[in-house]
1. With the Cα gyration tensor of the chain in hand, give its eigenvalues times 5 under a square root as the equivalent ellipsoid semi-axes, listed largest first in whole angstrom.
2. Which residue fluctuates most in the GNM of the chain (Cα springs below 10 Å): N300, N202, N27?
3. Considering Cα pairs under 8 angstrom that are at least six residues apart, work out the relative contact order of the chain and quote it in whole percent.
4. Tell me, what % of the accessible area of the stretch 149-253 is carbon and sulfur with a 1.4 angstrom probe?
5. Averaged per residue, what accessible area in Å² does the stretch 1-132 show with a 1.4 Å probe, protein chains only?
6. When only DSSP loop residues count, what GluC sites (Glu not before Pro) in the stretch 162-270 have their Cβ near at most 13 other Cβ atoms within 10 Å?
7. Apply the Karplus parameterisation 6.51 cos²θ - 1.76 cosθ + 1.60, with θ equal to phi minus 60°, to every residue of the stretch 50-60 and state each ³J(HN,Hα) to the nearest whole Hz, in sequence, with x for glycine and proline.
8. Please give the FRET efficiency for S160 paired with D291, using the beta carbon to beta carbon distance and R0 = 35 Å, rounded to the nearest 0.05.
Amino acid sequence: MRSRLGKNVRHRGMPSAIAIEPTTACNLRCPECPSGLRSFSRPTGMLASQLYQQLIDELSPYLMHLTYYFQGEPYLHPGSHDMIAYASSRGIYTITSTNGHYLSESHCEDIVRSGLSRLIVSVDGADQESYASYRVGGNLEKVLQGLRTLADTKRRLGASTPHIVMQTIAFRSNEAQLAELQSLAKKAGADEWVLKSAQVYNYDTAEELLPRDGALRRYKKIGDVYVPKSAQGDACWRMWHSAVMTWDGKVVPCCFDKDAGHTLGDFTQESFADIWHSLRYTEMRQAVFEDRKLIDICANCSEGCRVWMKPTAVNQR
C-alpha cells in the first residue's frame with residue numbers, strides 16, 4: 001500500500017507467496033489452455049526436486065503460501081507428494097489444482113499424508129457431454145469417483161486436510177447446470193464449491209465459449225474487443241508479494257504470464273533474492289505503475305473483477 005500511494009518501486013522485503021510449476025505436461029486437451037493446446041513456445045518438462053528444495057530452503061523464512069501449480073497437471077510429476085510434504089513440514093500453507101484423473105486410492109492416501117492444505121479439483125459439467133466439451137479427453141465419472149475416494153480417505157485417516165474444493169468454470173455449455181454442479185460437489189464429499197469465470201485468448205470463438213449471462217463473465221465487450229471488468233488501475237499487488245517459477249527455474253511476475261514472456265530472472269543461475277531485488281524486477285514494477293495497459297499479460301488480467309470467484313460451502317463438518 002505504501003508503494004502504491006507513493007509510487008515507490010523500491011522493495012526491501014521478500015515474497016510471502018510463491019507459485020511453482022511442477023510440469024507443463026497435461027493429459028487433457030482443454031481448448032483455452034496452453035498446456036491443453038500444446039501451444040507453448042517454451043519447452044515442456046518436469047521440475048527437478050533439487051531445484052525445488054533449493055527455492056523452498058531460501059524462501060521458507062518468508063513464505064506463508066505455496067501454490068504448487070502453474071501450467072500443466074501437477075500430479076503427472078512423480079515427486080509431487082514428496083515436494084508438497086517438504087513445504088508442509090516448514091509450516092507453509094500448500095495448495096494445488098488438478099483435473100482429478102489421478103485420484104486413485106493410493107494417490108489419495110499420499111495426498112492426505114503429504115500435508116497438502118487445499119486441493120482444487122476442476123469439474124466443468126454435470127454430465128459427460130458438457131464436461132468433455134471443455135475438458136477434452138476427460139472422464140467425468142472418474143473425477144467424481146476420485147473426489148469421493150479422497151473424502152473417504154480423509155475420514156479414514158482422521159485428517160482435516162486437504163480442504164477439498166470442486167471448482168467449476170462457467171461456460172455456455174454448463175451455465176444451466178450450476179445448481180446441479182453444486183449438488184454434485186456435496187455428493188462427492190467436497191468441502192466447497194467454487195464458481196470461476198472463464199479466461200479466453202481467442203476472441204474469434206469467445207462467444208461460443210462464454211456464458212450468455214453477462215454476470216458470469218469476467219469480460220465486457222466493446223465493439224469486437226473483450227475487456228476485463230477490472231478497475232485495478234496502474235498498480236498490482238502481485239508484484240510486491242508473490243511470483244511464479246516455471247519448471248526450469250524461470251521467474252515470472254504472475255500466473256498470467258503463461259508463456260514466460262516476461263522472465264525476470266533464472267533461479268538456476270542466481271538466488272531468488274537477487275532476482276527479486278534486481279533492476280529488471282524494479283523496471284517491471286515501474287512499468288505497472290506507469291501504464292499497465294501497455295503490458296500484454298495485464299491486458300487479460302482478472303484482477304479486481306467482481307465475477308472472479310463464487311465460493312459456497314457444501315459440506316460442513
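1. 30, 26, 18
2. For the chain, modelled as a Gaussian network with Cα springs under 10 Å, the answer is N202.
3. Relative contact order comes out at 19 percent.
4. Carbon with sulfur: 52 percent of the solvent-accessible area.
5. Result: 44 Å² per residue.
6. When the GluC sites (Glu not before Pro) of the stretch 162-270 are filtered for loop state and at most 13 Cβ neighbours within 10 Å, E270 remain.
7. 5, 5, 4, 5, 4, 5, 4, 4, 6, 9, 4
8. Given R0 = 35 Å and the Cβ-Cβ separation, E is 0.15.
The values are calculated or read from the model by the stated rules, or taken from the named source; none is laboratory data. Keep in mind it's a predicted model, so treat the numbers as computed, not measured. Neighbour counts are summed over all protein chains in view; Cβ atoms, including those assigned to glycine, are modelled from backbone coordinates with ideal geometry. All accessible areas refer to the heavy atoms of the entire protein, side chains included, with ligands and DNA or RNA removed. Shrake-Rupley method; radii C 1.70, N 1.55, O 1.52, S 1.80 Å.
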